[in-house]
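S.K.: Provided herewith is a single structure, encoded as structure tokens, for subsequent inquiry.
The values are calculated or read from the model by the stated rules, or taken from the named source; none is laboratory data. Computed from a predicted model, the values in this text were never measured in an experiment. All Cβ positions, even for glycine, are placed from backbone atoms using ideal geometry, and neighbour counts span all protein chains on display. SASA here: full protein model, heavy atoms, side chains in, ligands and nucleic acids out. Shrake-Rupley method; radii C 1.70, N 1.55, O 1.52, S 1.80 Å.
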Amino acid sequence: MYYSMMPFGRRNDSLNNLFDQMERSFWRDTGTAYASFPTDIRDEGGQFVLTAELPGFRKEDIEVKLDNGVLTIAAERKEAAPENGSYLCRERHYGSYRRSFSVSGIQESAIHAAYENGVLTLTLPKETPVVPEARRINIV
């Protein structure tokens, strides 16, 4: 994207800028919709590892909840009032973010979460399949 040489200025004729403005306008007006955040899930054999990018959040702003086989990650960034004056440019987003995932086939009691450098990492150990044991039935 092209930025002008003027401080605090940006060209407004960029197609990327048009889509950015449309997205901001859409999310600002609804108030009830949740934005999403990038997430990767890797299969490491005996476990899945879920990583979610949540930059700029404090650990206390993030909630990981397990309810009825559904894992929900929620984060909320509250809008801070400007310390001095008013904004000339404002690009940081505020609001609620939420994603839910089915955890069927996961050992729910063994899920582990860590948050470092803006990345939430969840380790989701797979359940060991229960193999029914064969038994002989005596005939009387």
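S.K.: Condition first: more than 17 Å from Leu120 (Cβ to Cβ) and open to solvent by less than 100 Å² (accessible area, probe 1.4 Å). Now tell me which residues in the stretch 71-95 satisfy that. Break it down stepwise before answering.
M.R.: Keep residues of the stretch 71-95 that are more than 17 Å from Leu120 (Cβ to Cβ), which gives 78-95.
Scanning the stretch 71-95 gives Ala80, Ala81, Pro82, Gly85, Ser86, Tyr87, Cys89, Arg90, Glu91, His93, Tyr94, Gly95.
S.K.: Name the single residue that is most open to solvent (accessible area, probe 1.4 Å) among those in the stretch 103-134 being more than 21 Å from Glu44 (Cβ to Cβ) and not acidic (Asp, Glu).
M.R.: Taking the stretch 103-134 as the starting set, the residues that turn out to be more than 21 Å from Glu44 (Cβ to Cβ) are 118, 130-134.
Now drop any that are not not acidic (Asp, Glu), which leaves 118, 130-132, 134.
Details: Gly118: 12, Val130: 134, Val131: 118, Pro132: 113, Ala134: 100 Å².
Ranking the candidates gives Val130 first.
S.K.: Tell me which of these Ser100 doesn't satisfy, since it passes every other one: (1) open to solvent by less than 100 Å² (accessible area, probe 1.4 Å); (2) more than 30 Å from Gly46 (Cα to Cα); (3) of a type outside the set (A, V, I, L, M, F, W, C).
M.R.: (2)
S.K.: Inside the stretch 78-132, counting only strands (runs of 3 or more DSSP E) that do not spill past its ends, which hold 2 or more residues that are among the polar types (S, T, N, Q)?
M.R.: Details: elements: 95-102, 112-116, 119-125.
Correct list: 95-102, 119-125.
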